[in-house]
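Working notes, structure below.
The values are calculated or read from the model by the stated rules, or taken from the named source; none is laboratory data. Given the structure is predicted, the values throughout are model-derived calculations rather than measurements. Cβ placement follows ideal geometry from the backbone for every residue including glycine, while neighbour counts extend to all protein chains displayed.
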Amino acid sequence: MEQSSVLRENKDLLILGIESSCDETAAAVIKGGRTVLSNVISSQIDIHTLYGGVVPEIASRKHTERINQVIREALSDAGAALKDIDAIAVTYGPGLVGALLVGVAEAKAISFATGIDLVGVHHIEGHICANYIEHKDLEPPFLSLVVSGGHTHLVNVADYGVYEILGRTRDDAAGEAFDKVARAIGLGYPGGPKIDKVAKEGNPDAIAFPRAKVAASVYDFSFSGLKSAVLNYLNSCEMKGESIVVPDVAASFQKAVVDVLVENSMMACAERSCRKFALAGGVASNSALRAAMEEACRAGGIDFYVPSPVYCTDNAAMIAVAGYYEYCKGVRSDLTLNAVPNLPLGER
């Protein structure tokens, strides 16, 4: 993969984005890095709900079945043809290896057949760049919290494509904890939206669940202890014959997660004199987190940014935006591009 460090923007560039890192098959066309011409998402949630979570083999098979149709639909919605596309941006990591391979193979095949430039994109970078779509004024530097089913990262966005990870989860990601707790209290999959909904009916101070701190790294997160605390509480109630108020459990758990995410983020902003903060990732759709982070930023005099929910969950528009800025910096991928399921942020 070749690249230069100079950003040469071109507002007429059309980028075709392809995303298949987990259970959404998505394609989008973006103009000039920030204008969405199309954004098509084929979700597999109904299929994986039957199994209580994403089954990698099924996800890969469904990506294979849908990817051509999704790309054709994205081009049609944008009023564009492949000959109009300047570059293809595709997620190549991190994610489920089989799912990633479908998107990468498709992008490479189109690039090979048409000669269109190829740009591999980091999935977390895509989530961060989702903020550029609706916030035209947002430019680096700023701090960003990426919270999803597989990742919890506190990131210093020094420049386009230049990232410094300040903190990350030491065990479960926040979204993963939501899914596991939702399953334990009988809400099922996907856990995040269901806990968010039920928690609105509960008392967030009903149960004193722990807020974990990582002594060796103040910006890091840990949610496995919180998850265990919820399971222990449920088991204790069962053994004592006490009733379990599901909305109270959901609200108290959610508040424990949100408190830690907000506290670590605001501490980083204060210590680095940051005046701009962007929330990103699937869990950024959570209403309690959005409200708490917005209030904390307002109190600290910090400009707060968050995408609309459709751009928080996995989508190809965010991948196309990230690909645009990488392309403008001179990044080009060749046909040796491969899926990297554990790709670290900032590495190529």
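A few remarks follow.
- Per the listing Asn342, Asn264, Asn286, the residue uniquely among the polar types (S, T, N, Q) and either modelled with pLDDT under 95 or more than 26 Å from Val230 (Cα to Cα) (or both) is Asn342.
- Summed over the range 19-39, the residues that are within 15 Å of the chain's Cα centre (by Cα) and not hydroxyl-bearing (Ser, Thr, Tyr) give a count of 5.
- Among the residues of the range 248-275, the ones that are under 12 Å from Ile207 (Cα atoms) and surrounded by fewer than 19 Cβ atoms within 10 Å (Cβ to Cβ) come to 1 in all.
For every residue, the table says whether it meets (1) among the aliphatic types (A, V, I, L, M); (2) more than 18 Å from Leu145 (Cα to Cα).
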site: Ser222; (1), (2): no, no
site: Gly225; (1), (2): no, yes
site: Ser236; (1), (2): no, yes
site: Val249; (1), (2): yes, yes
site: Glu294; (1), (2): no, no
site: Arg298; (1), (2): no, no
site: Ile302; (1), (2): yes, no
site: Ile319; (1), (2): yes, no
site: Glu326; (1), (2): no, yes
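- Looking only at the range 12-71, and only at residues there that are closer than 19 Å to Gly188 by Cβ and in contact with a His (Cβ under 8 Å, 6 or more places away or on another chain), the one that is modelled with the highest pLDDT: Ile58
- The sole residue among Val147, Val181 that is closer than 23 Å to Tyr92 by Cα and not aromatic (Phe, Trp, Tyr) is Val147.
- Cβ pairs under 8 Å, 6+ apart, first in the range 36-62 and free of Cβ contacts under 8 Å to residues at least 40 places away in the same chain, second in a loop (DSSP other than H, G, I, E, B) and among the aliphatic types (A, V, I, L, M): Gln44/Val54
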